[in-house]
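Please read the structure below before turning to the comments.
The values are calculated or read from the model by the stated rules, or taken from the named source; none is laboratory data. None of the values given here were measured: they were computed from a predicted structure. Glycine gets a Cβ as well: all are built from the backbone with ideal geometry, and neighbour counts include every protein chain shown.
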Amino acid sequence: MAKQINVLDRGPFFHGTKAKLALGELLKPKNESNFEEERISNYIYFTATLDAAKWGAELEKGEGREHIYLVEPLGAFENDPNLTDKRFPGNPTRSYRSEQPLKVVAELKTWERHPDTVIQQMLDHLAAIEASGQAEIID
């Protein structure tokens, strides 16, 4: 990992997605958002909690099997303001973002999904936020 000043968290770090990634692959910003169509994300997002990574994989738009990868940040990163400032002050979800790539170092082969009913409740909640016009993403 690149040397950082004022390291926020030492990890391990996770990235949840429906994309099939190869070990050693680099996840980079400036790609289409996994959660909002037609948005190019300026950051790559990751977390140091398995629960937040599960949500990332489970809530991503599109079809396919969900994956959780262990990732290594290759540069500086910051708290994800979409969660830490808006929903969870103090960053208990240990959610971060970076303008630098993340390197895929492993895949978790087994993990327990949230129950389908709980996932649907979250999807309904997110849809209601979007319908109300309050789904602004700080990017």
* Looking at this structure, is A76 modelled with pLDDT of 90 or more and surrounded by 17 or more Cβ atoms within 10 Å (Cβ to Cβ)? -> no
* Which of (1) closer than 28 Å to A22 by Cα; (2) modelled with pLDDT of 90 or more does D124 not meet, given it meets every other one? -> (1)
